[in-house]
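Working notes, beginning with the structure itself.
The values are calculated or read from the model by the stated rules, or taken from the named source; none is laboratory data. Because the structure is predicted, anything quoted here is derived from the model rather than measured. Every residue, glycine as well, gets a Cβ built from its backbone with ideal geometry; the counts of neighbours run over all protein chains shown. Note: accessible area is taken over every heavy atom of the protein model, side chains too, but ligands, DNA and RNA are not part of it. Shrake-Rupley method; radii C 1.70, N 1.55, O 1.52, S 1.80 Å.
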Amino acid sequence: MPFYQTWEEFARAAEKLYLTDPMKVRVVLKYRHCDGNLCIKVTDNAVCLQYKTDQAQDVKKIEKLHGKLMRLMVSKETHSGSMETD
Amino acid sequence: MVLLENDSFLTELTRLFQKCRTSGSVVITLKKYDGRTKPVPRKGHTETFEPADNKCLIRASEGKKKISTVVSTKEVIKFQMGGLAF
C-alpha cells in the first residue's frame, strides 16, 4: 500500500476511513529511534493508509491527529461536526 | 499481553521507548473498544452483551514485550496529557 506524500491528504483520508466503520479501524504508530523516523498507519484490513516521516514538525501533526481519533473513539457520538474544522 | 491501568501503562511505555534507543522500534496501536471479552456468539445463540461505545484500547509493543490498556471517556484527557508526547 502506498505512502502518502502530503500530510493533508493523509489526514483527510484517515478520518474518512475511520468514520466509515469506527469498530473496524485501527491506528498504528511505529517509532524507530535508531533511524529517527515515525510511521503512522490507519487501516480497516481492507484499506490501508500510511504516512512516514523523519521531520520533527510532522510529529506534532501526527500527535494531533492521533489525539483527535482517540477522542472520536471515546465519544458517544460516532460522527462529530468538529472533524471538518481542523 | 499485559493489561495495565492507565498510569502504569504510561510508565511502562516510557520504559519501552528507552529500550529502543539503540535498536528496534516501538509500535503503538489504537483501536475503538466496545468492552467485549467473549467472542461473538454463533448463530442461534442469544447475546446478552451490550457494547459500550466510549472506550478505546491501546496496545504497545517493543520486541517481545507487549502491554495494553483501556481508556474510557473521562480518562482520555488525562491520558493524553500524561502520555503520547513523543
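For (1) within 10 Å of another protein chain (Cβ to nearest Cβ); (2) open to solvent by less than 50 Å² (accessible area, probe 1.4 Å), each residue gets a yes or a no:
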position	(1), (2)
B:Met1	no, no
B:Asn6	no, yes
B:Glu12	no, yes
B:Arg15	no, no
B:Cys20	yes, yes
B:Val26	yes, yes
B:Lys64	no, no
B:Ile67	no, yes
B:Glu75	yes, no
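If you take the residues of the stretch A:9-35 that are open to solvent by less than 50 Å² (accessible area, probe 1.4 Å), within 11 Å of chain B (Cβ to nearest Cβ) and not in a strand (DSSP E or B), which of them is modelled with the lowest pLDDT?
So, considering only residues that are open to solvent by less than 50 Å² (accessible area, probe 1.4 Å), within 11 Å of chain B (Cβ to nearest Cβ) and not in a strand (DSSP E or B), the one modelled with the lowest pLDDT is A:Pro22.
Name the residue, out of A:Val47, A:Val28, A:Val59, that is of a type in the set (Val, Ile, Thr) and over 23 Å from B:Val76 (Cα atoms).
The match here is A:Val47.
In contact with a Gly (Cβ under 7 Å, 6 or more places away or on another chain) and either of a type in the set (S, T, N, Q) or surrounded by fewer than 18 Cβ atoms within 10 Å (Cβ to Cβ) (or both): is that true of B:Gly35 in this structure?
So B:Gly35 does not fit the description; no.
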